[in-house]
Amino acid sequence: MKTKILHLTTLLILLFSIFAPTYTAHAFATTWYVESTADGAANAAHCPGAACTLRDAVAKASPGDIIRFNLPAYPADIILTNGHILINKNLTIQGPGSSDLTVSGNLASRIFRIAQYNVTISGLTLLDGRAQDEYGGAIDSRGNLTLDDMLITQNATTAVTATYLRGGGISQNGGSLTITNSQITENYAAYAGGACPSKMPPYP
């Protein structure tokens, strides 16, 4: 009898292992904290840690991760010195509030270029962005972009040889743009769309 019970138990285990559904482990988002207001070449090895800049955190993050801020004091300013920050993955950037943190293009570059991904940015002021090509003084987006609690101000398209010079604040080409609880003011484009053009010409 014991032998029959053992054989039956073994059979049930084998059947369960064959027909049981397979579950894939859920990949949970990691939160990375920006702890430095400095800028420079991206170095993902700085994160986590006191040297982790916004550019470093974007480089370190995996698709779907979240970037937050743990700076020494607020209000704070991050002044870009190494060109715009490229976001080429699904990403969420959660600032402390548009009145508490400003990211500046330093009158030299746009602030964010966003490839064809889902990106949410909240709680920041974007100031003094300058597009050195045709589109997007503060943000040039090709993906699905959501902005909340943002102040986008005093940005411009400034390229000398460009044809269109559109989107002093934001250029959105394809994808979607959702803006809530935000202000877009005092941005400049020589051709059209000081804030954000409603219609864009085809990109090259």
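What follows draws every value from the coordinates through simple rules; no lab data is involved. Keep in mind it's a predicted model, so treat the numbers as computed, not measured. In this analysis, Cβ positions are derived from the backbone assuming ideal geometry, glycine residues included, and neighbour counts consider all displayed protein chains.
Per-structure values
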quantity	calculated
Approximate spin-label separation residue 177-residue 41, in nm, with each point projected 7 Å along Cα-to-Cβ	3.4 nm
Relative exposure of 122, 141, judged by other C-beta atoms within 10 Å (fewest first)	122, 141
Distance from the range 103-141 to the range 62-89 (C-alpha centre basis), Å	12 Å
Extension gain, residue 186 back to residue 28 (0.36 nm per residue minus Cα-Cα distance, nm)	52.9 nm
Packing-based ranking, highest mean first, of 35-47, 80-92 given that Cβ atoms within 10 Å are counted	80-92, 35-47
Point-to-point label distance, residue 99-residue 120, nm (Cα→Cβ direction, 7 Å offset)	2.3 nm
Dimensions (Å) - the range 28-185, Cα atoms, principal axes, largest first	43, 29, 29
Amide H partners (placed H, <5 Å) of residue 67, local residues excluded	32, 92, 93, 94
Ordering of 112-119, 126-133 by packing [mean C-beta count within 10 Å, highest first]	126-133, 112-119
